[in-house]
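See structure below.
The values are calculated or read from the model by the stated rules, or taken from the named source; none is laboratory data. Predicted, not measured: the structure shown is a model, and the values here were computed from it. Neighbour counts are summed over all protein chains in view; Cβ atoms, including those assigned to glycine, are modelled from backbone coordinates with ideal geometry.
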């Protein structure tokens with residue numbers, strides 16, 4: 001991670017003029033998100049003491065990118081609404097939920113990790129950063145960093161991130177786009193093109209439809225989604241954070257209607273295939 005990248009990010013934060021901004025840093029594994037977040041924390045341009053949340057602490061296991069991303073969106077919404085949000089980490093060694101922690105709105109917040117920059121999270125942030133890197137370089141960096149712990153999970157994790165990018169188009173949401181490819185790896189670029197730098201450049205990514213949740217916990221809400229292989233999804237698994245833990249909501253497509261060039265798909269809640277949710281008005285992150 002070059003000092004110039006960190007400098008550009010620090011300058012962007014300073015230009016915000018906000019006392020307690022939320023900064024989201026997203027990008028593929030090995031791009032350098034953790035290092036960039038650490039540099040921003042160390043060089044924060046005001047006297048404030050930022051909080052740092054790494055999504056590694058939220059993912060409920062190696063198949064939990066979508067759940068961690070959804071939990072973050074719930075936490076940020078709760079933080080804006082109540083000024084405090086409680087989250088529960090994941091104990092990777094034990095393979096179960098860990099301790100509880102608090103975020104407060106009276107301090108800046110830096111969030112880094114795959115899935116940080118979703119449409120739901122972006123609306124609660126003052127600065128949205130997309131950090132990419134050459135595929136070959138970032139894979140080598142990520143596998144070396146985790147000393148073999150990541151090797152068996154690389155393909156599965158990369159597939160989850162690809163699905164996230166197709167659904168959320170995080171590059172299009174970014175205010176600042178940076179390339180974390182190390183100088184030593186620059187000669188690779190001709191043979192190893194960088195994915196995720198133009199995730200909105202293809203015709204496929206511009207084809208979206210509107211989901212309408214007609215009942216259940218998400219009743220009355222809508223969401224733009226990308227077609228998968230030219231078609232809408234017949235079933236959706238949505239995630240909400242309840243008391244700092246991700247809960248899965250299963251929805252099934254029931255109806256469609258066309259308005260102009262836009263397809264609207266109605267989804268009904270399937271309680272049998274969803275997690276049970278008990279809402280506590282005093283402490284929820286739905």
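Looking only at the stretch 198-232, residues that are in a loop (DSSP other than H, G, I, E, B), at pLDDT below 50 and buried (at least 16 other Cβ atoms within 10 Å of the Cβ) come to 1 in all.
Among the residues making up the stretch 23-35, a single one is surrounded by fewer than 23 Cβ atoms within 10 Å (Cβ to Cβ) and touching a strand residue (DSSP E or B) at 6+ places or on another chain (Cβ under 7 Å): 34. Take the conditions modelled with pLDDT under 90 and farther than 16 Å from residue 53 by Cβ and apply them to residue 94. Does it pass? No, not satisfied. If you go through the stretch 89-104 one residue at a time, do you hit one that is under 30 Å from residue 134 (Cβ atoms) and not in a loop (DSSP other than H, G, I, E, B)? Within the stretch 89-104, one or more residues are under 30 Å from residue 134 (Cβ atoms) and not in a loop (DSSP other than H, G, I, E, B). For the stretch 87-132, give me each residue that is buried (at least 19 other Cβ atoms within 10 Å of the Cβ) and at positive phi. Hits for the stretch 87-132 are 113, 115.
When the residues of the stretch 63-73 are filtered to those that are surrounded by 21 or more Cβ atoms within 10 Å (Cβ to Cβ) and out of contact with any helix residue (DSSP H, G or I) (no Cβ under 8 Å at 6 or more places or on another chain), the one that is nearest to residue 101 (Cα to Cα) is 71. Candidates in the stretch 255-282 are the residues that are touching a helix residue (DSSP H, G or I) at 6+ places or on another chain (Cβ under 9 Å) and modelled with pLDDT under 85; of these, the one that is farthest from residue 58 (Cα to Cα) is 279.
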